[in-house]
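Encoded as structure tokens, the structure appears first; notes follow it.
Readers should treat all values here as calculations from the given coordinates under stated rules, not as data from a laboratory. From a predicted model like this one, the values you see are computed outputs, not experimental measurements. Cβ placement follows ideal geometry from the backbone for every residue including glycine, while neighbour counts extend to all protein chains displayed.
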Amino acid sequence: MQRFLSISVLALVLLAGCATRAPVGAPSPSVAPGAAPPQPTLGAEQQRLAALFDGTPVVFAMQADGSLRVEVPLRFSFDPGSFTVKPPLAAVLDRIATSQRRGSSRVLVVAPGDKRGKGLTLGNDRAGSTRDYLVGRGIAATRFTLSSVIEPDRVRIVVSESGPPRLQ
């Protein structure tokens with residue numbers, strides 16, 4: 001029994017050592033230790049996010065100017081008359097925050113108000129709530145531009161690496 005335990009421990013140590021080594025012939029990492037990995041391009045992010053949310057009504061599209069446009073239907077973003085971020089929108093925002101936290105891109109948030117009652121004020125509150133959610137996940141507040149609209153019925157986020165973001 002003692003010999004079996006010794007062999008088992010040795011096997012685990014050897015396996016753990018193999019797990020931390022790069023395979024023979026593998027390229028060495030191009031990022032210096034302690035340095036941040038390179039930021040993926042917005043095109044690569046669009047493809048990754050579109051695949052991740054495939055089968056959902058969330059749209060990830062590249063615009064003609066090279067910026068990334070994200071659209072989330074209002075019914076999955078906010079309850080009627082509310083500006084509290086709903087979990088489906090939060091899931092999208094979490095992915096955007098993860099990819100944009102270290103970058104210097106600019107972000108435009110366009111949120112719809114409603115046709116009755118608070119109108120554009122509600123849209124401004126929703127855009128601010130969306131921004132605040134992303135700021136809470138590490139994106140600097142200075143990188144945002146906010147806008148409110150009555151139509152259409154979706155939250156739109158535009159991420160631009162070159163110049164101020166705008167809808168196209």
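Odds and ends about this structure:
- Simple spin-label estimate for A97 and V135 in nanometres, 7 Å along Cα-Cβ: 1.3 nm
- Sequentially through the stretch 99-110, phi angles give Karplus couplings (6.51, -1.76, 1.60; θ = phi - 60°) of 7, 10, 4, 8, x, 10, 5, 9, 10, 9, 10, 10 Hz, Gly and Pro residues having no value and appearing as x.
- Here the Karplus curve 6.51 cos²θ - 1.76 cosθ + 1.60, taken at θ = phi - 60°, turns the phi angles of the stretch 129-144 into couplings of 5, 5, 4, 4, 4, 5, 4, x, 10, x, 8, 4, 4, 5, 8, 9 Hz, with x standing for Gly and Pro.
- Summing Cβ point charges (Lys, Arg +1; Asp, Glu -1) relative to the Cα centre of the stretch 31-168 gives a dipole of roughly 180 debye.
- Under the simplified labelling scheme, the M62-T142 pair shows an inter-label distance of 3.0 nm, with each label point 7 Å from Cα along Cα→Cβ.
- Per-residue Cβ neighbour rank within 10 angstrom, fewest leading, E45, E151, E71: E151, E71, E45
- Under 5 Å, built H, 5+ apart or other chain: amide partners of V155: V72, L74
- ³J(HN,Hα), Karplus 6.51/-1.76/1.60, whole Hz, each residue of the stretch 66-71, x for Gly, Pro: x, 8, 9, 10, 10, 10
- Around the amide H of V149, modelled in the peptide plane, lie the amide H atoms of A111, G113, all under 5 Å away and 5 or more residues distant in sequence or on another chain.
- Net length available on complete extension from A50 to K115 is 20.3 nm, with 0.36 nm assigned per residue and the Cα-Cα distance removed.
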